[in-house]
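Asks: Sharing a structure here in structure tokens format.
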Amino acid sequence: MRTKLAAITISLPVVLVIFLVRMPYSGHRELSSPECQVKKWDIPVSLASSSQQKIPVLIKRLPVTCCQNDRSCVDEALYGGENNQLADKKALLTSIDRSLRYLQTPRADTVYKSYHVSGVTRERVYKSLIRFRQLLLNTNSAAALNSAIAKEFVYYQSIGKDSKGSVLFTAYYEPMYAASRVPTAEYRYPVYKAPPDLDSWSLPHPTRLELEGADGLQAAKGKLRGLELFWLRDRLEPYMVQIEGSARLQLTDGTQTSIGYAGNTAYNYKSIGRELANDGKLPLEGMTMPVILDYFQKHPQELNIYIPRDPSFVFFQETQGTPAQGSISQPLTAERSIATDKSLMPPGALALIRAAIPFADDTGKLEHRIVSRYVLDQDTGGAIKGPGRVDYFLGTGKLAGDRAGVTVSNGQLFYLLLKDTN
């Protein structure tokens with residue numbers, strides 16, 4: 001946890017990169033033949049075209065057979081095999097336990113009674129987590145775990161955005177900011193509590209522009225008066241918190257706290273990076289973080305033009321330093337939690353993701369590598385819609401933000417379930 005206020009405030013480049021119209025990253029180094037990297041992981045044509053009716057969002061298939069020497073095929077991070085990283089079995093076990101707690105709740109029972117994919121039930125998801133947990137504890141290598149899973153589990157692969165299994169991966173994190181409990185000349189931009197009468201607001205809801213004004217300082221004149229929760233220093237910071245859904249705060253009195261999601265208005269998120277491109281202010285091709293940073297450095301007043309174009313608005317509650325929570329009301333685990341469209345995907349379930357993810361080398365430089373990771377599906381997001389989208393939670397602070405800002409790649413998403421013995 002950082003202690004200096006100057007270090008707490010996220011750098012502008014990281015903030016701005018989320019506004020880019022992201023292009024799939026293609027600069028990762030080759031790990032294996034193209035067939036091992038892509039074709040083996042796609043939904044087999046025979047499965048995708050076997051039904052005359054609409055293809056379900058999850059296709060049942062056997063686990064992928066790893067190509068020889070393809071290190072990206074297995075989750076090596078669990079056994080300390082990547083960049084001398086410490087094994088993170090503990091983090092995955094923690095995430096599993098949180099999903100198990102959720103799956104024992106009446107809420108989970110209700111959700112799964114109406115879940116639409118045949119064979120994916122709360123009881124089967126629960127038993128699959130219990131067995132996977134045992135295998136994780138009893139194996140001593142990524143290859144051994146992969147082999148055990150191939151014997152006992154089947155994959156349910158997301159059809160993705162193209163019905164072939166291609167899923168767009170982005171990432172999110174918990175930012176850290178300096179903040180004040182009272183407004184000052186330095187701390188002027190509020191984040192807000194949820195209005196107590198939000199459920200009774202008539203539709204359409206007020207837009208962001210109507211709620212807080214173009215400059216983000218007019219909310220005290222309207223529906224949000226008296227609902228200010230904390231004040232931040234920069235125009236972008238409250239907006240960033242709304243996109244990420246939570247934040248850690250270093251307060252002016254020297255204490256720390258946190259805020260988490262507490263509700264939102266009934267609008268979909270609109271990317272202001274795409275708005276810049278639509279207006280011809282920046283070309284879509286070649287739109288990079290330095291280009292965006294340079295543009296807003298030269299035209300800072302235009303933040304008050306583009307932020308209001310996103311009509312959505314998110315409310316918060318103080319969470320007293322507790323970890324960021326997902327939509328299943330369980331804490332998220334860095335590198336082991338994902339967000340998907342919960343109208344389609346099974347909440348709390350065990351998943352395997354495979355995508356190009358950025359990692360910091362010994363010098364701090366970020367490099368993308370294709371990796372496989374076992375994760376738990378524990379969250380959702382306003383921009384995460386359809387079977388072809390996954391948001392990967394990377395943790396708290398600046399490095400997590402740097403990595404999240406440049407995470408964009410096409411990959412695959414699988415849910416792991418024990419073989420059906422019926």
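The values are calculated or read from the model by the stated rules, or taken from the named source; none is laboratory data. Just so it is clear, the structure is predicted and the values come from calculations on it, not from any experiment. Positions of Cβ are generated from backbone atoms using ideal geometry, with glycine treated the same way; all protein chains shown enter the neighbour counts.
Asks: Could you tell me which of the residues 248, 235 is farther than 16 Å from residue 315 by Cα and either in contact (Cβ under 8 Å) with a residue 40 or more places away in the chain or surrounded by fewer than 19 Cβ atoms within 10 Å (Cβ to Cβ) (or both)? Steps first, answer last, please.
Replies: Working: 248 fails: farther than 16 Å from residue 315 by Cα.
After applying the criteria, what remains is 235.
Asks: Got a sec? Which of 372, 343 is at pLDDT 90 or above, in a loop (DSSP other than H, G, I, E, B) and of a type in the set (Ser, Thr, Tyr)?
Replies: Numbers: 372 fails: in a loop (DSSP other than H, G, I, E, B).
Going through 372, 343 in turn, the sole match is 343.
Asks: Could you tell me whether any residue of the stretch 139-151 is touching a residue at least 60 places away in the same chain (Cβ under 8 Å), surrounded by fewer than 13 Cβ atoms within 10 Å (Cβ to Cβ) and not small (Gly, Ala, Ser)? Show your work before the answer.
Replies: At the first step, the residues of the stretch 139-151 found to be touching a residue at least 60 places away in the same chain (Cβ under 8 Å) are 140-143, 145-146, 149-150.
Filter again for surrounded by fewer than 13 Cβ atoms within 10 Å (Cβ to Cβ), leaving 140.
Still in the list and also not small (Gly, Ala, Ser): 140.
Yes: one or more hits.
Asks: Among (1) in contact (Cβ under 8 Å) with a residue 60 or more places away in the chain; (2) under 24 Å from residue 325 (Cα atoms); (3) not aromatic (Phe, Trp, Tyr), there is one condition residue 131 misses while meeting the rest; what is its number?
Replies: Result: residue 131 fails condition (2) only.
Asks: Can you work out which of the residues in the stretch 42-72 that are crowded, with 20+ Cβ neighbours inside 10 Å and modelled with pLDDT under 90 is nearest to residue 115 (Cα to Cα)?
Replies: Within the stretch 42-72, the match that is nearest to residue 115 (Cα to Cα) is 43.
Asks: Here is a further query. Does any residue of the stretch 144-162 turn out to be closer than 20 Å to residue 379 by Cα, in a strand (DSSP E or B) and either modelled with pLDDT under 95 or hydroxyl-bearing (Ser, Thr, Tyr) (or both)?
Replies: First, the residues of the stretch 144-162 that are closer than 20 Å to residue 379 by Cα: 156-161.
Next cut, in a strand (DSSP E or B) only: 156-158.
Next, only the ones that are either modelled with pLDDT under 95 or hydroxyl-bearing (Ser, Thr, Tyr) (or both) stay: 156, 158.
Yes, because at least one residue in the stretch 144-162 is closer than 20 Å to residue 379 by Cα, in a strand (DSSP E or B) and either modelled with pLDDT under 95 or hydroxyl-bearing (Ser, Thr, Tyr) (or both).
Asks: Of the numbered conditions (1) under 19 Å from residue 266 (Cα atoms); (2) assigned to a loop (DSSP other than H, G, I, E, B), residue 316 satisfies every one except a single condition; which is it?
Replies: So residue 316 meets the others, but not (2).
Asks: Among the numbered criteria (1) within 30 Å of residue 64 (Cα to Cα); (2) in a loop (DSSP other than H, G, I, E, B), which one does residue 323 miss?
Replies: (1)
Asks: Of (1) touching a residue at least 60 places away in the same chain (Cβ under 8 Å); (2) surrounded by 16 or more Cβ atoms within 10 Å (Cβ to Cβ); (3) under 29 Å from residue 337 (Cα atoms), residue 190 satisfies all except one. Which?
Replies: Just one mismatch for residue 190, condition (1).
Asks: Report whether or not residue 357 is touching a helix residue (DSSP H, G or I) at 6+ places or on another chain (Cβ under 6 Å) and either crowded, with 22+ Cβ neighbours inside 10 Å or more than 21 Å from residue 97 (Cα to Cα) (or both). Give the derivation first.
Replies: Numbers: touching a helix residue (DSSP H, G or I) at 6+ places or on another chain (Cβ under 6 Å): no; either crowded, with 22+ Cβ neighbours inside 10 Å or more than 21 Å from residue 97 (Cα to Cα) (or both): yes.
Criteria not met by residue 357.
Asks: Report yes if residue 209 is surrounded by 15 or more Cβ atoms within 10 Å (Cβ to Cβ) and aliphatic (A, V, I, L, M), otherwise no. Break it down into steps so the answer makes sense when it comes.
Replies: On the way: surrounded by 15 or more Cβ atoms within 10 Å (Cβ to Cβ): yes; aliphatic (A, V, I, L, M): yes.
Judged against the criteria, residue 209 is a match.
Asks: Check residue 301 against each of (1) among the polar types (S, T, N, Q); (2) surrounded by fewer than 15 Cβ atoms within 10 Å (Cβ to Cβ); (3) part of a loop (DSSP other than H, G, I, E, B) and name the one condition it does not meet.
Replies: For residue 301, the failing item is (3).
Asks: Here is a follow-up. Collect the residues in the stretch 262-284 that are part of a loop (DSSP other than H, G, I, E, B) and small (Gly, Ala, Ser), keeping them in residue-number order. Let's see the steps before the verdict.
Replies: Start the filter on the stretch 262-284 by keeping residues that are part of a loop (DSSP other than H, G, I, E, B), which leaves 265-271, 279-284.
Selection gives 266, 271, 280.
Asks: If you take the residues in the stretch 216-225 that are surrounded by fewer than 16 Cβ atoms within 10 Å (Cβ to Cβ) and touching a strand residue (DSSP E or B) at 6+ places or on another chain (Cβ under 9 Å), which one is farthest from residue 184 (Cα to Cα)?
Replies: That would be 220.
Asks: Also, quick follow-up: Please determine, by comparing only the residues of the stretch 115-127 that are under 18 Å from residue 57 (Cβ atoms) and at pLDDT 95 or above, which one is surrounded by the most Cβ atoms within 10 Å (Cβ to Cβ).
Replies: First, pick out the residues of the stretch 115-127 that are under 18 Å from residue 57 (Cβ atoms): 115-122, 124-125.
This time we only want the ones that are at pLDDT 95 or above, so: 115, 120-122, 124-125.
Values: 115: 16, 120: 20, 121: 16, 122: 22, 124: 17, 125: 26.
By that ranking, first place goes to 125.
Asks: Any idea which of (1) more than 15 Å from the chain's Cα centre (by Cα); (2) part of a strand (DSSP E or B) is the one residue 311 doesn't satisfy?
Replies: The single condition residue 311 does not satisfy is (2).
Asks: Can you pull out the residues in the stretch 322-342 that are surrounded by 23 or more Cβ atoms within 10 Å (Cβ to Cβ) and among the polar types (S, T, N, Q)?
Replies: Those that are surrounded by 23 or more Cβ atoms within 10 Å (Cβ to Cβ) and among the polar types (S, T, N, Q): 330, 333, 337, 340.
Asks: With (1) in contact with a strand residue (DSSP E or B) (Cβ under 6 Å, 6 or more places away or on another chain); (2) farther than 20 Å from residue 308 by Cα as the list, and residue 254 as the residue in question, which single condition is left unmet?
Replies: Checking residue 254 against (1) in contact with a strand residue (DSSP E or B) (Cβ under 6 Å, 6 or more places away or on another chain); (2) farther than 20 Å from residue 308 by Cα, the one that fails is (1).
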